[in-house]
1. Would you be able to say whether some residue in region A:544-565 is under 30 Å from residue A:399 (Cα atoms) and surrounded by fewer than 23 Cβ atoms within 10 Å (Cβ to Cβ)?
2. Name the single residue that is farthest from residue A:331 (Cα to Cα) among those in region A:564-577 being outside any loop (DSSP other than H, G, I, E, B) and in contact with a helix residue (DSSP H, G or I) (Cβ under 6 Å, 6 or more places away or on another chain).
3. Being touching an Asp or Glu at 6+ places or on another chain (Cβ under 8 Å), of a type in the set (Lys, Arg) and within 22 Å of residue A:297 (Cα to Cα), is that true of even one residue in region A:611-621?
4. Take the residues of region A:566-611 that are more than 12 Å from DNA strand B (Cβ to nearest atom) and over 30 Å from residue A:549 (Cβ atoms): which is surrounded by the most Cβ atoms within 10 Å (Cβ to Cβ)?
5. Evaluate region A:406-417: report whether one residue or more is under 37 Å from the mean Cα position of the chain (by Cα), over 28 Å from residue A:527 (Cα atoms) and either without any contact (Cβ under 8 Å) to a residue 60 or more places away in the chain or within 16 Å of DNA strand C (Cβ to nearest atom) (or both).
6. Of all residues being at positive phi and surrounded by fewer than 22 Cβ atoms within 10 Å (Cβ to Cβ) in region A:205-263, which is nearest to DNA strand B (Cβ to nearest atom)? Just the residue, please.
7. Specify which of the listed residues (A:561, A:552) is of a type outside the set (D, E, K, R), in contact (Cβ under 8 Å) with a residue 12 or more places away in the chain, out of contact with any Gly (no Cβ under 7 Å at 6 or more places or on another chain) and in a loop (DSSP other than H, G, I, E, B).
8. Can you tell me which residue is nearest to DNA strand B (Cβ to nearest atom) among those in region A:75-93 that are in contact with a Pro (Cβ under 8 Å, 6 or more places away or on another chain) and of a type in the set (Gly, Ala, Ser)?
Amino acid sequence: MELLENLNPRQKEAVLHTEGPLLIIAGAGTGKTRVITHKIAHIISLGARPDSILGLTFTNKASDEMKKRVIDLAGISGFRIWLSTFHSFALRILKNEYPKIGRAPFTVFDEDEQLAILKEIIKKLGWEKNIPAPRMILHYIERAKDQLLDPDSFKYHSHAIGDLYREEVSKLYYLYQEELRRNGGMDFGDLLLETVNLFNQNPEILKKYEELFDYILVDEYQDTNFAQYLILKLLGKNKRKVTVVGDEDQSIYSWRGARVENILNFENDWPDCRVIKLEENYRSTHKILECSGNLIRNNRHRRAKELWTKDSGGEPVIYRVFPACRDEARSVCSEILHLIDDENYGAGEIAVFYRTNAQSRILEERMREFNINYRIVGSVSFYERKEIKDLLAYLHLLVNPADDLHLKRVLNVPPRGLGKQTLKKLEDEAGKRNIPILTLLSDSESLDISPKAKKTLTGFWEFMEKVRNAASALSPFQLLEMIVSGSGYADYLESLEGWEARMRMDNVGELLSALKDFEERNQEADLRDFLDSVSLISPYDQYSREGEKVTLMTLHLAKGLEFPGVFITGMEEGILPYRDAVHDPEEMEEERRLCYVGMTRAMKRLYLSSVSSRRLYGISRFSEPSRFLEEAGFEITQVY
DNA sequence: CAGCAACAAAAGTGA
DNA sequence: TTTGTTGCTG
């Protein structure tokens with residue numbers, strides 16, 4: 001049984017416990033992924049059908065990684081395992097089942113699109129002066145969806161608890177949902193919520209999947225929300241061969257609906273469940289473990305758990321203060337060069353973490369200056385770039401001509417001389433006739449607009465028609481090529497000057513190759529599938545392979561990764577912990593966990609730093625070293 | 001309608 | 001400090 005050979009006794013126990021509910025409390029670096037992958041391989045070796053195994057993760061990165069490892073261990077049969085993120089899983093179920101129960105197809109809308117819808121609604125209501133951040137509203141709506149509350153129940157619930165603000169929000173929620181559906185969209189929350197609804201309303205469908213999946217494994221269980229919790233419960237309740245892996249010390253997503261209770265109450269939810277704790281750490285040096293352990297012991301809401309390692313030494317964890325951000329960034333860069341030049345580190349083995357995306361800019365500038373190859377993960381990622389979103393909007397419109405939201409994005413992109421006035425008339429008219437704007441354009445002659453605008457609009461409509469007619473004969477890649485050249489977008493970009501325009505053109509080229517790549521990997525897939533995968537997949541995997549680069553990312557994104565050398569910057573009160581958390585003990589614990597997650601990513605070297613003066617909106621403010629430094633065992637003597 | 005300037009807002013974390 | 005929006009002018 002060579003599958004079990006390289007496992008410690010606890011890990012082995014976890015792998016072998018296949019027939020009932022199992023909770024694996026897996027501290028950072030204790031071989032969690034190893035246990036899951038070995039367990040899946042073990043189940044297959046016992047003769048289970050690969051497609052009777054369902055593995056759920058939180059990021060695509062994690063599921064891809066897991067898939068690779070399972071295939072290594074179990075061979076070709078690994079391909080047929082259901083291994084994906086919760087959201088991709090939900091999408092797959094909905095896509096499979098909706099046609100059968102006569103529900104319309106849909107596309108997945110991302111955050112920008114969600115916000116665009118909300119802003120529009122707020123504008124239409126004329127509320128914009130009174131209502132703060134649409135983001136805030138969206139947050140409420142998303143939390144409602146996590147709780148499976150539709151607009152009506154949300155309103156009822158808010159009324160019942162006497163929350164007037166939420167009652168107001170429920171109106172927006174109602175209109176938001178209506179507008180979202182009218183555009184043929186589903187947001188991330190919908191994917192989960194609608195899957196639960198689908199199962200609840202169609203027992204025969206639920207039964208089918210219940211019977212299909214003999215074994216269910218969930219990674220990062222501490223970050224599941226209520227909807228995800230229910231999906232697991234619905235699918236696993238009869239066979240009860242449910243394995244969840246998690247670590248409450250690494251729960252960092254409560255702000256997007258994750259409920260630590262899910263993992264803390266697992267034993268109550270699944271009676272007779274086995275609990276296995278993994279505490280031997282294989283990742284970090286003793287020094288790093290000591291430091292992070294000191295920190296996390298300050299949290300009260302956790303199970304007793306003590307990580308240990310056979311390693312007995314390691315380099316000291318280093319903490320430094322700097323006068324200002326630029327000094328901090330400069331030090332990080334020169335230390336990175338030192339690691340690369342003198343200690344034989346590869347750039348790819350080093351990561352720099354920060355609490356907020358805004359902190360990345362200064363680091364980025366310094367990295368350029370020092371000629372260090374770097375890559376920023378997250379924030380303004382590839383698919384969030386303007387030119388990419390413009391072109392994707394064309395594709396959305398192609399897939400769904402009723403998608404006014406995306407039409408509005410591209411109607412005057414590239415600039416065609418269509419302004420606000422024209423757009424307003426179009427919207428009004430389309431609203432009056434209750435048809436999509438694009439349909440309206442088929443008959444621009446009848447509209448009350450200038451002859452020039454008519455001509456342009458007809459041209460736009462004819463172009464979209466041409467592409468649509470070609471759609472059946474061409475591959476998604478060819479369609480995108482047609483759009484890039486035919487819409488005038490390529491000419492437009494070329495007419496712009498400067499390196500920025502050139503970079504945007506390069507990005508368009510990359511989008512084309514991404515689509516080509518997708519086509520080759522998914523022979524059956526159509527354009528809609530591509531758009532959906534773009535919504536759910538972070539570009540991390542595709543674009544991370546080229547060259548050895550230092551990784552820059554937020555602490556949140558760092559979870560699940562490991563690097564020989566790690567820098568955590570901005571270790572200051574107000575940043576880490578973030579300022580809003582100072583008054584709330586629960587949030588403070590989450591900030592501490594976030595810091596802990598960052599520290600435990602480090603294998604050999606860990607550097608912490610803070611600055612004594614930080615600029616916010618251009619104004620300098622003094623800041624104090626984070627309380628977490630002292631908790632981790634650093635003596636903070638000198639502040640300014 | 002497009003380009004420019006003055007002005008206001010922004011930055012907490014993400015599938 | 002940087003980025004986005006508004007309102008004016010050609």
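1. Filtering region A:544-565 for residues under 30 Å from residue A:399 (Cα atoms) gives A:544.
Going one step further and asking which of them are surrounded by fewer than 23 Cβ atoms within 10 Å (Cβ to Cβ), we end up with A:544.
Checked region A:544-565: at least one residue is under 30 Å from residue A:399 (Cα atoms) and surrounded by fewer than 23 Cβ atoms within 10 Å (Cβ to Cβ).
2. Checking each candidate, the answer is A:564.
3. no
4. Only one residue fits best here, namely A:573.
5. Yes, that holds for at least one residue.
6. A:257
7. Details: A:552 fails: in a loop (DSSP other than H, G, I, E, B).
Criteria check complete, one pass: A:561.
8. Among those that are in contact with a Pro (Cβ under 8 Å, 6 or more places away or on another chain) and of a type in the set (Gly, Ala, Ser), it is A:78.
The values are calculated or read from the model by the stated rules, or taken from the named source; none is laboratory data. Only a predicted model underlies this, so the values are computations on that prediction, with no experimental measurement involved. Neighbour counts run over all protein chains shown; Cβ positions are idealised from the backbone, glycine included.
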